[in-house]
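Dropping a structure here in structure tokens format, bear with me for questions.
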Amino acid sequence: MIKIEGVDKYFGDNHVLKNVNIRVKEGEKLVILGPSGSGKSTTIRCVNFLEEPTEGRIFINGEEMTKKTRTRLVRDNISMVFQQFNLYPHMTVLDNLTLAPMKLKKMSKWDAEELGLQMLEKVGLANKAHAYPEELSGGQQQRVAIARALCTKSKIILFDEPTSALDPEMVQEVLDVMVNLAKENITMICVTHEMGFAEAVADRVIFMDDGQVIEEGTPKEFFAHPKTDRAKDFLSKIIRN
């Protein structure tokens, strides 16, 4: 479903990604771990061309993403959930959810609202359809953001540290939604520091450092027997904290 092939990314003189190669199968749940500044977020932002790779190629469902194809490929296949919720504050929750289906999928307002209500039900917020974002907690806003991603009916959802902006007591409600979502046939790439989520949901874990993929394996393999000293050091700090 996703192939990242020999991707390098520079920001000026800063070499952020260094020959990154990742393949993700249809329906696979991939978690990317690593310290801050390791290139995790830049990697997934390259997948939907929010950042353009300096070198290398990216394929979505077998088709190469280029300047000509990227808009169509992203629109047809990919949604993203960010650290910040990015909801339109002047629009109700339901209006936030119906915007993309109506604009991008040319869905009628009636059908878009029906879909939006279904997805709000899925994330446990059907009673908040007519509320405004400022009336919701951070955890609720992030669940609305996940529902919005689901409304596009995308085959791929990218999560960029979706719980990092939340107060600790709100983290679990978002993770619970993501755990349930992982049971569906959606291809997921999640950048996160939530080790419990990675162990519960991931088919495969990738560990990045200094812009490179250092190692990968199943959660059981990675957490029990990390192969590299850098991964061992990272895990010891995470567990200690």
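The values are calculated or read from the model by the stated rules, or taken from the named source; none is laboratory data. Remember, it's a predicted structure, so these values are computed and weren't measured experimentally. Positions of Cβ are backbone-derived with ideal geometry, glycine not excepted, and every protein chain shown enters the neighbour counts. With ligands, DNA and RNA removed, areas are computed over all heavy atoms of the protein, side chains included. Shrake-Rupley method; radii C 1.70, N 1.55, O 1.52, S 1.80 Å.
List the relative contact order of the range 99-188 as a percent without decimals, with contacts defined as Cα pairs under 8 Å and 6+ residues apart.
Details: 64 pairs, mean separation 25.8, N = 90.
Value for the range 99-188: 29 percent.
Nothing charged except the Cβ atoms of Lys and Arg (+1) and of Asp and Glu (-1): what's the magnitude of the dipole of the range 124-194 about its Cα centre? Round to the nearest 20 debye.
Numbers: 6 positive and 10 negative charges, 99 e Å.
The dipole magnitude comes to about 480 debye.
Then there's this: In whole angstrom, how long is each semi-axis of the equivalent ellipsoid of the range 115-241, when you take the square root of 5 times every eigenvalue of its Cα gyration tensor and sort them from largest down? List each step's numbers first, then the result.
On the way: eigenvalues 187, 52, 26 Å².
Those come to 31, 16, 11 Å.
Sticking with this one: Please name whichever of Leu73, Ala224, Gln83 sits farthest to the positive end of the charge dipole of the chain, dipole taken about the Cα centre and charges placed at Cβ: Lys and Arg +1, Asp and Glu -1.
Most positive-ward Cα: Leu73.
Then there's this: How big is the range 65-142 in terms of Cα radius of gyration and Dmax, in angstroms?
13.7, 41
Classify the range 37-99: rounded, prolate or oblate, from the alpha-carbon gyration tensor (a ≥ b ≥ c, eigenvalue square roots; a/c under 1.5 rounded; otherwise prolate if a/b is larger than b/c)?
Values: a/c = 3.05, a/b = 1.59, b/c = 1.91.
Oblate.
Multiply the residue separation of Asn21 and Asn127 by 0.36 nm, subtract the distance between their alpha-carbon atoms, and state the gained length in nm to one decimal. Write down the numbers at each step before the final one.
Details: separation 106, 0.36 × 106 = 38.16 nm, distance 4.30 nm.
Going from the current span to full extension adds 33.9 nm.
For the range 3-84, what does the equivalent ellipsoid look like in terms of its semi-axes, each the square root of 5 times an eigenvalue of the Cα gyration tensor, given largest first in whole Å? Walk me through the intermediate numbers first.
Values: eigenvalues 74, 49, 33 Å².
The answer is 19, 16, 13 Å, longest axis first.
Follow-up. Taking the Kirkwood radius as the inverse of the mean 1/r across Cα pairs, report the Rg/Rh of the chain.
Values: Rg = 17.9 Å, Rh = 18.5 Å.
Computed over Cα atoms, the ratio is 0.97.
Which ³J(HN,Hα) values, rounded to whole Hz and listed in residue order, are derived for the range 82-94 from phi using the Karplus coefficients 6.51, -1.76 and 1.60 in 6.51 cos²θ - 1.76 cosθ + 1.60 with θ = phi - 60°, glycine and proline given as x?
9, 4, 8, 6, 6, 8, 6, x, 8, 10, 5, 4, 5
Beyond 28 Å between alpha-carbons counts as too far, so tell me which of Lys3/Lys227; Lys9/Lys122; Lys25/Lys237; Lys18/Lys237; Lys103/Lys128 fall in that bin. Please list the in-between numbers first.
Working: Lys3/Lys227 24 Å; Lys9/Lys122 37 Å; Lys25/Lys237 31 Å; Lys18/Lys237 25 Å; Lys103/Lys128 23 Å.
Correct reply: Lys9/Lys122; Lys25/Lys237.
Could you state the angle between the C-alpha long axis of helix 109-122 and the longest principal axis of the C-alpha atoms of the chain, as a value from 0 to 90 degrees rounded to the nearest 10?
The two axes meet at around 60 degrees.
A follow-up question, please. Return the distance in nm (one decimal) between the two label points of a simple spin-label model at Lys220 and Arg57, each offset 7 Å from Cα along Cα→Cβ.
3.6
Let me ask something else. Under the rule a/c < 1.5 gives rounded, and otherwise a/b versus b/c splits prolate from oblate, where does the range 190-230 land using the Cα gyration tensor?
Numbers: a/c = 1.95, a/b = 1.30, b/c = 1.49.
Oblate, because a/c is 1.5 or more while a/b does not exceed b/c.
Let me ask something else. Report the paramagnetic label zone for Asp233: residues of the range 26-65 whose backbone N is under 18 Å from a point 7 Å from Cα along the Cα-to-Cβ axis.
Residues 33-40 qualify, since their backbone N sits under 18 Å from the label point.
Explain nothing, just the number: relative contact order of the chain, from Cα pairs under 8 Å at least 6 residues apart, as a whole percent.
27
Between the range 37-59 and the range 162-241, what is the C-alpha centre distance in whole Å?
Using only Cα atoms to place each centre, the spacing works out to 19 Å.
If I model a spin label as a point 7 Å beyond the Cα along the Cα-Cβ vector, how far apart are those points for Lys3 and Gln212 in nm?
Inter-label distance under the simple model: 2.4 nm.
Equivalent ellipsoid semi-axes for the range 168-241, as square roots of 5 times the alpha carbon gyration tensor eigenvalues: give them largest first, rounded to whole Å.
22, 15, 11
Can you give me the accessible area per residue for the chain, using a 1.4 Å probe, in Å²?
Details: 11750 Å² over 241 residues.
Per-residue value: 49 Å².
Still on this structure, I have one more. Compute, for the chain, the length of the dipole vector about the Cα centre, with Cβ point charges of +1 (Lys, Arg) and -1 (Asp, Glu) only. Units Debye, rounded to 20. Show your work: numbers first, answer last.
Working: 32 positive and 35 negative charges, 142 e Å.
Charge dipole, the chain, about its Cα centre: 680 debye, nearest 20.
So what's the convex hull volume per residue for the Cα atoms of the range 34-169, in Å³?
On the way: hull volume 17.3 nm³, N = 136.
Measuring per residue, one finds 127 Å³ for the Cα hull of the range 34-169.
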